[in-house]
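The next block holds one structure in the form of structure tokens; read it before the comments.
The values are calculated or read from the model by the stated rules, or taken from the named source; none is laboratory data. Note that the structure is predicted; figures quoted are calculated from it, not measured. Neighbour counts run over all protein chains shown; Cβ positions are idealised from the backbone, glycine included.
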Amino acid sequence: MSFPIQQPIPIPALRAARAALGLKQNELAKLAGVSPRTIFKIEKEGDARMESVFRVQQAFEKLGVNFLWNKRTRRMSIELPAALVDPSSSGEDT
């Protein structure tokens, strides 16, 4: 069983979410209201203020990303919005 996260997301999960969404570091920085250098520091050095990590997490959540922790396996999973996973679910005619 998975549960929504109530604490800062592990850095590899943030990195994976950005990659899955196809966002560049500067795009994520703008969405999160932090500097591109902050995104770099979070992802590469694991060094940033907790407030900055939360802002990045909130930016992903506003985009519809869910971070889920599986207590049984002790692993993080990322749930992307259906429209990003299956383009046919967007409701648009092709």
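See the values below:
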| read-out | value |
| --- | --- |
| Exclusive hit being assigned to a strand (DSSP E or B) and at pLDDT 80 or above, set F60, F67 | F67 |
| All positions within the stretch 41-53 that are part of a helix (DSSP H, G or I) and either surrounded by 15 or more Cβ atoms within 10 Å (Cβ to Cβ) or in contact with an Asp or Glu (Cβ under 9 Å, 6 or more places away or on another chain) (or both) | K41, I42, E43, S52, V53 |
